[in-house]
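Beneath this line is the structure, given in structure tokens, with notes to follow.
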């Protein structure tokens, strides 16, 4: 769980980084779903990372060694309709800001804060409305040139600095991520237990969402994928409305969000609790590929090493099972494996499911370091084709876990979800 001092340390680190510049980090806007109804509000990850503040209509400004928060006024009448608001005075005290002002004063005060700053650190291009607003303040500042006021000479993408900060998780962050992983693992166990009595994919989705919320997670970290049979061969299938059939595999890619932090787990298991021989062959292949990838997650290894390790195992298996022709090396060089495995083996994980951070630096894959968090998720997806053995048709398998790089390897924080074919069958038989 992030503490007040955690947010303060991050703001101070960014203040030191920007020097004589000024950083402007707005939170996300509320979004209308239809008519008077809004989508459930979710703050901007960069803004939250620096503030811990979850109210909409808020902006953080960092300049001159100070943290300044702009937020909504305290308004008892609006609180009757929309809920509690901190207001600037309480927000300043509770969230450790140097100053706090009403969001209604933002346009008035920002040209003053821009005066005599060397640079603006802002996510230019992320939101056209904010681009217009910031450039408007910059124009007002430039108009004061005859009064001896200088305007910032450059705009720097603040996300580049924040991405590097967010890439290494603190101990506080990892506490939350481990708990999110525990909740999600329990949801997958619940889904396996429920499969025998559920007739449709959406019933399984309901079991997942129930378990997330029951343990205090605020929302799913992304739209769950609950894909039975051939639907599992659609990578981003989110319809979740098809009947579940005895004898099919069910692929579930689902994780909760807890206090802003995502978890991301995929498990694939037979609806009836028993793998067929072809299903188990491909399942064990994907599991072996994941084991090889996990073994490559350690400090000093480059980012792509787990992917390469998984590909080596998968290519051999695709040849052995007649999915690909030729030698494993030839399959890798030609890219023929992409018919059955077309995505990467992982991504960064944190406040966002596909979290902040570059994968390459100066054209080379970056090295893994302790505190980095990533997913490990090889798969195999076999669509019907004349040159593909029929007993493998419509089998889709993905196995995904969340890993944290440690001093001598990695910690799998989602290990509580049954994974081997034997564990799955035993769990579902209870």
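The values are calculated or read from the model by the stated rules, or taken from the named source; none is laboratory data. A quick note: this is a predicted structure, and the numbers were derived from the prediction, not measured. Backbone-built Cβ (ideal geometry, glycine too); neighbour counts: all protein chains shown.
Could you tell me whether the range 238-257 includes any residue that is out of contact with any helix residue (DSSP H, G or I) (no Cβ under 9 Å at 6 or more places or on another chain) and surrounded by fewer than 22 Cβ atoms within 10 Å (Cβ to Cβ)?
Initial filter on the range 238-257 (out of contact with any helix residue (DSSP H, G or I) (no Cβ under 9 Å at 6 or more places or on another chain)): 238, 246, 253.
Right, trim to surrounded by fewer than 22 Cβ atoms within 10 Å (Cβ to Cβ) and you get 238, 246.
Taking every residue of the range 238-257 in turn, at least one turns out to be out of contact with any helix residue (DSSP H, G or I) (no Cβ under 9 Å at 6 or more places or on another chain) and surrounded by fewer than 22 Cβ atoms within 10 Å (Cβ to Cβ).
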Residue pairs meeting the criteria (Cβ under 6 Å; at least 6 apart or on separate chains; first assigned by TED's automatic domain parsing to the domain that holds residue 173, in the range 2-21; second at pLDDT below 95)
none
Scanning the range 103-120 for residues that are buried (at least 16 other Cβ atoms within 10 Å of the Cβ), over 16 Å from residue 62 (Cβ atoms) and touching a strand residue (DSSP E or B) at 6+ places or on another chain (Cβ under 9 Å) gives 103
Scanning the range 370-385 for residues that are in contact with a strand residue (DSSP E or B) (Cβ under 7 Å, 6 or more places away or on another chain) and assigned to a loop (DSSP other than H, G, I, E, B), which turns out surrounded by the fewest Cβ atoms within 10 Å (Cβ to Cβ)?
370
A careful count of residues in the range 359-369 that are more than 15 Å from residue 299 (Cα to Cα) and assigned to a strand (DSSP E or B) gives 3
So the strands (runs of 3 or more DSSP E) completely within the range 187-263 holding 2 or more residues that are in contact (Cβ under 8 Å) with a residue 12 or more places away in the chain and farther than 27 Å from residue 382 by Cβ are 256-258
Assuming residue 40 fulfils every condition listed in (1) surrounded by fewer than 18 Cβ atoms within 10 Å (Cβ to Cβ); (2) closer than 18 Å to residue 167 by Cα; (3) touching a strand residue (DSSP E or B) at 6+ places or on another chain (Cβ under 8 Å) apart from one, which condition is it?
(2)
Out of all the residues in the range 386-398, which are at negative phi and not in a strand (DSSP E or B)?
386, 387, 388, 389, 390, 391, 392, 393
Here is a list: 407, 416. Which entry is under 21 Å from residue 174 (Cβ atoms) and either touching a strand residue (DSSP E or B) at 6+ places or on another chain (Cβ under 6 Å) or surrounded by fewer than 13 Cβ atoms within 10 Å (Cβ to Cβ) (or both)?
407
Scan (1) touching a strand residue (DSSP E or B) at 6+ places or on another chain (Cβ under 8 Å); (2) more than 26 Å from residue 355 (Cα to Cα) for the single condition residue 78 breaks and write down its number.
(1)
Tell me whether the range 312-319 contains one or more residues that are over 30 Å from residue 217 (Cα atoms) and in a loop (DSSP other than H, G, I, E, B).
no
Kindly establish whether residue 88 is over 23 Å from residue 12 (Cβ atoms) and buried (at least 19 other Cβ atoms within 10 Å of the Cβ).
no
For the range 325-349, which positions are within 30 Å of residue 166 (Cα to Cα) and assigned to a loop (DSSP other than H, G, I, E, B)?
341, 342, 343, 344, 345, 346, 347, 349
Being more than 20 Å from the chain's Cα centre (by Cα) and within 30 Å of residue 371 (Cβ to Cβ), is that true of even one residue in the range 175-194?
yes
Any chance residue 177 is touching a strand residue (DSSP E or B) at 6+ places or on another chain (Cβ under 9 Å) and assigned to a helix (DSSP H, G or I):
yes
Take the range 30-53 and flag every residue that is in contact (Cβ under 8 Å) with a residue 60 or more places away in the chain and assigned to a loop (DSSP other than H, G, I, E, B).
40, 42, 43
Out of 151, 123, 147, report the one residue that is loosely packed, with under 15 Cβ neighbours inside 10 Å and either free of Cβ contacts under 8 Å to residues at least 60 places away in the same chain or not assigned by TED's automatic domain parsing to the domain that holds residue 400 (or both).
147
I need the full set of residues from the range 399-430 which are touching a residue at least 60 places away in the same chain (Cβ under 8 Å) and assigned to a strand (DSSP E or B), in order please.
400, 401, 402, 403, 404, 405, 410, 412
Out of the residues in the range 309-346 that are buried (at least 18 other Cβ atoms within 10 Å of the Cβ) and within 19 Å of the chain's Cα centre (by Cα), state the one that is farthest from residue 259 (Cα to Cα).
345
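Among the candidates 306, 278, single out the residue that is surrounded by 19 or more Cβ atoms within 10 Å (Cβ to Cβ) and either touching a helix residue (DSSP H, G or I) at 6+ places or on another chain (Cβ under 6 Å) or farther than 22 Å from residue 426 by Cβ (or both). Give the steps one after another, and end with the answer.
Numbers: 278 fails: surrounded by 19 or more Cβ atoms within 10 Å (Cβ to Cβ).
Exactly one of 306, 278 is surrounded by 19 or more Cβ atoms within 10 Å (Cβ to Cβ) and either touching a helix residue (DSSP H, G or I) at 6+ places or on another chain (Cβ under 6 Å) or farther than 22 Å from residue 426 by Cβ (or both), namely 306.
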Return yes when residue 86 is farther than 26 Å from residue 136 by Cα and either under 31 Å from the mean Cα position of the chain (by Cα) or in contact (Cβ under 8 Å) with a residue 12 or more places away in the chain (or both) and no when it is not.
yes
